[in-house]
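The structure appears right after this line, and notes come after that.
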Number of protein chains: 2
Amino acid sequence: MNRKTRALTITACALCLLAGTLVGQKNSSGNQGVAQVPGQLASIHLVSAVPDGQWTLPAGDYANTRYSPLDQINTENVKNLKVVGIMSTGIPHGHEGQPLVVNGTMYVVTPFPNDLIALDLSKPGFPVKWKYQPRPNAQAEGVACCDVVNRGASYADGKIIYATLDNNVVAVDANTGKEVWRTLTGDINIGMTTTMAPLVVRNVVMVGSSGGELGVRGRVTALDVKTGKQIWVAYSTGPDKDVLIGPNFHAFYPKDQGKDLGMTSWTPDQWKLGGGNVWGWLSYDPETNLVFYGTGNPGTWNPDMRPGDNKWSITIFARDPETGQARWATQLVPHDSWDYDEIMENVAIDMQWQGKMRKLLIHPGRTGFVFVLDRETGEILSADKFQPVNWAKDYDLKTGIPAVDDSKRVHTGQYTREICPSSTGGKEFVPTAFSPRTGLLYIPAHNTCMDYEGIQVNYIAGTPYLGSSVTMYPGPGGYQGEFMAWDLAQGKEVWGIKDAKFPVYSGVLATGGDVVFYGTMEGWFRAVNARSGEILWQFKTGSGIIGDPITFKGPDGRQYVAVYSGIGGWMGAAAFSSLSLDDQYAALGITGTMKGIKEATAPGGALYVFSL
Amino acid sequence: MNRKTRALTITACALCLLAGTLVGQKNSSGNQGVAQVPGQLASIHLVSAVPDGQWTLPAGDYANTRYSPLDQINTENVKNLKVVGIMSTGIPHGHEGQPLVVNGTMYVVTPFPNDLIALDLSKPGFPVKWKYQPRPNAQAEGVACCDVVNRGASYADGKIIYATLDNNVVAVDANTGKEVWRTLTGDINIGMTTTMAPLVVRNVVMVGSSGGELGVRGRVTALDVKTGKQIWVAYSTGPDKDVLIGPNFHAFYPKDQGKDLGMTSWTPDQWKLGGGNVWGWLSYDPETNLVFYGTGNPGTWNPDMRPGDNKWSITIFARDPETGQARWATQLVPHDSWDYDEIMENVAIDMQWQGKMRKLLIHPGRTGFVFVLDRETGEILSADKFQPVNWAKDYDLKTGIPAVDDSKRVHTGQYTREICPSSTGGKEFVPTAFSPRTGLLYIPAHNTCMDYEGIQVNYIAGTPYLGSSVTMYPGPGGYQGEFMAWDLAQGKEVWGIKDAKFPVYSGVLATGGDVVFYGTMEGWFRAVNARSGEILWQFKTGSGIIGDPITFKGPDGRQYVAVYSGIGGWMGAAAFSSLSLDDQYAALGITGTMKGIKEATAPGGALYVFSL
């Protein structure tokens, strides 16, 4: 795409600060009404917003902006931020995701064994109100591919709803801590686990599966918020009836059109082990009444074992939340060769685009591209590289097909060298934030490359079904991580903070005070000027940060910021004493990008709360 | 003893503040010279002192005062204290003991697997300089009676010297982190572990054994600081030649005089399983050149299985550090019936006592008595109850024998009810601090009682050899813990901060700013006015505090305070999810005193550093 033909419609910052234009007063949906955002750009319309001072959904809002209008903490005073509360979870494993804040109570979901802890924000030291212990099946610990993580809960209908590693979804009374219902959504004996945060839209709780490295056939399961009873299941592979592709489905691109592609784009039966798991983030747009999510890598990692496009792996889906029926699907990487799991967040915003307001879906991808889609149709409006990428030259926006460099394709029994990015991607699942005040997307990015060999592998249920041998190492340019501000309309970086040693592996928070927050694998929690990229403040937490910061207003009216500190997950597992960095193939090859991590930090597990 | 006959010689505080008298300029011994202490009472002479701004020994000084003259942080400004650094150890087990600070580097010893972590105090976030990993035998984890704790290291001769749980003593170059020597001092196959911090006096490294609940015969082993070669071993039971009782020995009391009492005060051979382990704190007095320590409970806990005084269990020993030869021994509890392990610290100070300056040894005891001994002779000068005590009426200071209430004695197959204090004592091993400015001893105290049945038990090497069934519960008065200031001369409490819910199970730090620091099992770290007992500041750390605060001067000239947060140990193990509080006999009966601990805190493991 010719970037110059794209009209620049984001108002310059000087103007927006003067104007303070308020836009986007639309109907609210449940607790997700669109708040007035002081200083919001006129060119941007927020689809949903973080409720006043609370944090009730994984991303704060349905749209997955992770933007809160709270502005007590701003670029001037953030230097005075200090720790006001710390709570250990007692579990030295990866603390991904984020807590919730509802009505003066904070809710923390721990890694396995997935306790839910309610903290009273109205009292000094934030004492525990209650702990709910679901006691999941311990076999899940052995089955989980990449540490025993959990990415959080949703609040809905007076309940805290989240998944346990053994595939139970539990609903817990937010006041009493009593279990209201519990529903098993999958079988750990076939290698399925559940790590993602459910999203609740009206009456429907949606949650997806993990297990792409164990031949698990990906799916999203929908449950009734009142009873926990199953409403629908949408698989990522198989015949249309399993994928919930019906008469309302219309794929934008011809490549994604046709009957039963989830079956016919595979060798016979391989789709049954075909991955396409859904372990990232769900977003929702009340206006179009569509839920969006991306699917993971196809199984196995060895592409020679699965000729064909392997639909619907690495695909963005739009579905009706009530019925689960797909509206559209756009496969981003046909016949994946690199584990470019595209379960990343999809940020729904309305924005001026080439002269007119459009309903966009922003998908910063593991492929190393930021995709801007039309969320009504699935059309790719732009795809721009945000980190070094060599597996594909670009995307043909007419066909939706990437121009793959065939020399970077992977085959059985031979090493393909210097593929960029590595399987950990231009970014991983850790979510971006989008500020309607700056119009910028804040991306926690990686710059790593890999050597990759396809391996013939046989399937044994519930065991690794990987099919590859991979080693990773830092990408070109002398850095591995970059926290960056991205201009969507221009398709380019505005500023970036590079990390020579480690990928950036935490989520991001943007605020009305024009401060963006993120963490490093070494444990620094940072506040950055959203416009200039200047680091305004930082605090070294006890362990590496791979969780997502949130902000809220306390019962005392003060603004707080909270984040988990606790290294782990796929990349962070390199910090565990049980994993030797001498083995360059360990943990699917990430060890080569984690040199020095054992010295730089140590496992831990704690919630940190900060305030002025 | 008639308290009224004891002359009150501590200067009143108003006077001492005016006077600011400096006393006690004596010869230094190594890095343990006696500093000038502004505001020190004229009636007190410090035997040794914390070196300027550092913390090189477990208790800061040889004398075990845990008093630092640093006074930047004082009663006026301590309210501004804030967290400036946190480091997770990644080990959610009891973090007892304290770090060291030597020449701008902090040294942290973790619980098993006993890593030694060096932190650079000159850089932001206190980054890790190096980690030394001794990789102890994992069998030690199973053998340790009461969590896999470690109580710290000593600095000497350019080395950090500490013990690993599997009974190795290691010496690590303080600059490079390279192991200089490693010496095995005992056999985990017989149930021996090592948890205490060694003390180094000139050329001699001394360390004691743990394992009183597994029939381990207690001992102190001395090693050469240069080579790690064994110099002497002093057993707590057995013939005089094993106990290193020779011609220089003179016990003050007739009850402690006689040949081979460590053998003859037992039924034949029982002394071989007789306990008297040494897992607490060593102190040293350069003037008398004596090392002091207390020995633990006799084995088994069932007194009917071991008629006799059971020497030298529950005994204070004074020894020559070079030869190990005992100078005196005073058994505090003959024929123990209650597990009154007396491994508590012994604080060496010179003080006006009944009209003349005397060389004292202060021993706040698990028995519920504060003992003041003459450290030249072992004479008990006073023994005053500091918490509810009913096992004995008092001590006859002429004979050194407690007036035991025979109805509180324990026997095989029958429950003795309402014994106070419980086996966890009026205090546990967590150390007091003594301020030469206030003349007060600051005691982390418990108020718990117990029901206790003796059980016939057989010995199997390396397995529990307990011989009792115990349940514990809160003592009289509606509280379980008390942080208290104790007037030694008056033998009475000056002020106390009572904790309704939990025992106080952290060590104490006293400072030249008249601030004393301690922590709670819920995780509060508190600064208290040393004179009034007013809580001036508190911060809720991530986990319960059972470690010992220290203070030091950073490379930037600022005063810092540091403490571990990480619940565990004997009592704190109740916070672990693996231990059900429903079992009132679990963890040797402490569960009845720990109701609510799982809600109040969670396991963790982190170093916290605070500054203004």
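The values are calculated or read from the model by the stated rules, or taken from the named source; none is laboratory data. Nothing here was measured: the structure is a model prediction, and the numbers come from that model. Methodologically, a virtual Cβ is constructed for each residue, glycine included, from the backbone with ideal geometry; neighbour enumeration extends over all protein chains shown.
Give just the number: which of (1) buried (at least 24 other Cβ atoms within 10 Å of the Cβ); (2) part of a loop (DSSP other than H, G, I, E, B); (3) touching a strand residue (DSSP E or B) at 6+ places or on another chain (Cβ under 7 Å) does A:Asp336 not satisfy?
So the condition that A:Asp336 fails would be (3).
Could you go through region A:454-469 and let me know if any residue there is part of a strand (DSSP E or B), hydrophobic (A, V, I, L, M, F, W, C) and within 27 Å of A:Glu213 (Cβ to Cβ).
Checked against the condition, which is being part of a strand (DSSP E or B), hydrophobic (A, V, I, L, M, F, W, C) and within 27 Å of A:Glu213 (Cβ to Cβ), region A:454-469 yields no hits at all.
Out of all the residues in region A:521-535, which are within 14 Å of chain B (Cβ to nearest Cβ) and part of a strand (DSSP E or B)?
A:Trp524, A:Phe525, A:Arg526, A:Ile535
From A:Ala140, A:Ala153, grab the single residue that is under 22 Å from the mean Cα position of the chain (by Cα) and either closer than 20 Å to B:Ala600 by Cβ or at pLDDT below 95 (or both).
Only one candidate qualifies: A:Ala140.
Quickly run through region B:187-224 and pick out the residues that are surrounded by 24 or more Cβ atoms within 10 Å (Cβ to Cβ) and at positive phi.
Correct list: B:Gly191, B:Gly211, B:Gly215.
Pick from B:Ala562, B:Ala573: which is in contact with a Pro (Cβ under 7 Å, 6 or more places away or on another chain), within 14 Å of another protein chain (Cβ to nearest Cβ) and not in a loop (DSSP other than H, G, I, E, B)?
Result: B:Ala562 is the single residue among B:Ala562, B:Ala573 that is in contact with a Pro (Cβ under 7 Å, 6 or more places away or on another chain), within 14 Å of another protein chain (Cβ to nearest Cβ) and not in a loop (DSSP other than H, G, I, E, B).
B:Pro555: assigned to a loop (DSSP other than H, G, I, E, B), under 25 Å from B:Phe126 (Cα atoms), away from chain A (no Cβ under 14 Å) and not acidic (Asp, Glu), yes or no?
Yes.
Can you name every residue in region B:100-121 that is within 14 Å of chain A (Cβ to nearest Cβ) and either farther than 16 Å from A:Glu599 by Cβ or assigned to a loop (DSSP other than H, G, I, E, B) (or both)?
Within region B:100-121, B:Val109, B:Thr110, B:Pro111, B:Phe112, B:Pro113, B:Asn114, B:Asp115, B:Leu121 qualify.
Mind telling me which of the residues A:Gly462, A:Gly475 ends up being in contact with a helix residue (DSSP H, G or I) (Cβ under 8 Å, 6 or more places away or on another chain), buried (at least 18 other Cβ atoms within 10 Å of the Cβ) and of a type in the set (Gly, Ala, Ser)?
Among A:Gly462, A:Gly475, only A:Gly462 is in contact with a helix residue (DSSP H, G or I) (Cβ under 8 Å, 6 or more places away or on another chain), buried (at least 18 other Cβ atoms within 10 Å of the Cβ) and of a type in the set (Gly, Ala, Ser).
Being under 17 Å from the mean Cα position of the chain (by Cα) and assigned to a strand (DSSP E or B) is the filter here; which residues of region B:348-371 pass it?
B:Ala348, B:Ile349, B:Leu361, B:Ile362, B:His363, B:Pro364, B:Phe369, B:Val370, B:Phe371
Exactly one condition in (1) over 26 Å from A:Gln257 (Cβ atoms); (2) touching a Lys or Arg at 6+ places or on another chain (Cβ under 9 Å); (3) of a type outside the set (S, T, N, Q) is not met by A:Lys229; state its number.
Every condition holds for A:Lys229 apart from (2).
Do you know which of the residues in region A:536-545 that are in a strand (DSSP E or B) and either acidic (Asp, Glu) or more than 11 Å from chain B (Cβ to nearest Cβ) (or both) is nearest to A:Phe126 (Cα to Cα)?
Looking at the filtered set, the residue picked out is A:Trp537.
For region A:593-605, which residues satisfy the criterion of being within 8 Å of another protein chain (Cβ to nearest Cβ) and hydrophobic (A, V, I, L, M, F, W, C)?
Selection gives A:Ala600, A:Ala602.
For region B:290-317, what are the residues that are assigned to a strand (DSSP E or B) and surrounded by fewer than 24 Cβ atoms within 10 Å (Cβ to Cβ)?
B:Leu290
If you go through region A:70-87 one residue at a time, how many are of a type outside the set (Val, Ile, Thr) and either within 14 Å of chain B (Cβ to nearest Cβ) or without any contact (Cβ under 8 Å) to a residue 60 or more places away in the chain (or both)?
Matching residues across region A:70-87 total 7.
Please go through (1) touching a residue at least 24 places away in the same chain (Cβ under 8 Å); (2) of a type outside the set (Asp, Glu); (3) out of contact with any Leu (no Cβ under 9 Å at 6 or more places or on another chain) for A:Thr438 and return the number of the only condition it doesn't satisfy.
In the conditions (1) touching a residue at least 24 places away in the same chain (Cβ under 8 Å); (2) of a type outside the set (Asp, Glu); (3) out of contact with any Leu (no Cβ under 9 Å at 6 or more places or on another chain), A:Thr438 misses (3) alone.
Out of (1) closer than 19 Å to A:Arg182 by Cβ; (2) not in a loop (DSSP other than H, G, I, E, B), what's the single condition that is false for A:Met196?
With (1) closer than 19 Å to A:Arg182 by Cβ; (2) not in a loop (DSSP other than H, G, I, E, B) applied to A:Met196, the lone miss is (2).
From the list B:Ala144, B:Ala153, B:Ala174, B:Ala118, exactly one residue is among the small types (Gly, Ala, Ser) and within 30 Å of B:Leu466 (Cβ to Cβ). Which is it?
B:Ala144
Please find, within region B:165-179, the residue that is farthest from the chain's Cα centre (by Cα) out of those that are closer than 20 Å to B:Leu119 by Cβ and among the β-branched types (Val, Ile, Thr).
Applying the filter and picking the extreme gives B:Thr176.
Could you please find all residues in region B:404-449 being under 22 Å from B:Val494 (Cα atoms), of a type outside the set (S, T, N, Q) and not in a loop (DSSP other than H, G, I, E, B)?
Hits for region B:404-449 are B:Ala433, B:Phe434, B:Leu440, B:Leu441, B:Tyr442, B:Ile443, B:Pro444, B:Ala445, B:His446.
Can you confirm whether A:Thr227 is modelled with pLDDT of 95 or more, buried (at least 18 other Cβ atoms within 10 Å of the Cβ) and among the polar types (S, T, N, Q)?
Judged against the criteria, A:Thr227 is not a match.
If a residue has to be outside any loop (DSSP other than H, G, I, E, B) and closer than 19 Å to A:Gln270 by Cβ to count, how many in region A:236-254 make the cut?
Qualifying residue count, region A:236-254: 4.
Can you find a residue in region A:413-425 that is surrounded by fewer than 24 Cβ atoms within 10 Å (Cβ to Cβ), in contact (Cβ under 8 Å) with a residue 40 or more places away in the chain and touching a Pro at 6+ places or on another chain (Cβ under 6 Å)?
The answer is yes; a qualifying residue exists.
Inspect all residues belonging to region B:259-277 and state whether any of them is touching a residue at least 60 places away in the same chain (Cβ under 8 Å) and among the aliphatic types (A, V, I, L, M).
The answer is yes, given that some residue of region B:259-277 is touching a residue at least 60 places away in the same chain (Cβ under 8 Å) and among the aliphatic types (A, V, I, L, M).
Just give me the residues in region B:122-147 being part of a loop (DSSP other than H, G, I, E, B), more than 19 Å from B:Val609 (Cβ to Cβ), within 14 Å of chain A (Cβ to nearest Cβ) and not acidic (Asp, Glu), in sequence order.
Those that are part of a loop (DSSP other than H, G, I, E, B), more than 19 Å from B:Val609 (Cβ to Cβ), within 14 Å of chain A (Cβ to nearest Cβ) and not acidic (Asp, Glu): B:Gln133, B:Pro134, B:Arg135, B:Pro136, B:Ala138.
Looking at region A:486-499, can you tell me whether even one residue there is more than 23 Å from the chain's Cα centre (by Cα) and either closer than 29 Å to A:Thr195 by Cβ or not hydrophobic (A, V, I, L, M, F, W, C) (or both)?
Yes: region A:486-499 contains one or more residues that are more than 23 Å from the chain's Cα centre (by Cα) and either closer than 29 Å to A:Thr195 by Cβ or not hydrophobic (A, V, I, L, M, F, W, C) (or both).
Matching residues to (1) more than 12 Å from every other protein chain (Cβ to nearest Cβ); (2) modelled with pLDDT of 95 or more; (3) buried (at least 24 other Cβ atoms within 10 Å of the Cβ):
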{"position": "A:Gly547", "(1), (2), (3)": "yes, yes, yes"}
{"position": "A:Ser577", "(1), (2), (3)": "no, no, no"}
{"position": "A:Thr591", "(1), (2), (3)": "yes, no, no"}
{"position": "A:Leu607", "(1), (2), (3)": "no, yes, yes"}
{"position": "A:Ser611", "(1), (2), (3)": "no, yes, no"}
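If we scan region A:509-518, do we find a residue that is surrounded by fewer than 23 Cβ atoms within 10 Å (Cβ to Cβ), away from chain B (no Cβ under 14 Å) and hydrophobic (A, V, I, L, M, F, W, C)?
Within region A:509-518 (the criterion being surrounded by fewer than 23 Cβ atoms within 10 Å (Cβ to Cβ), away from chain B (no Cβ under 14 Å) and hydrophobic (A, V, I, L, M, F, W, C)), the answer is no, since none of the residues qualifies.
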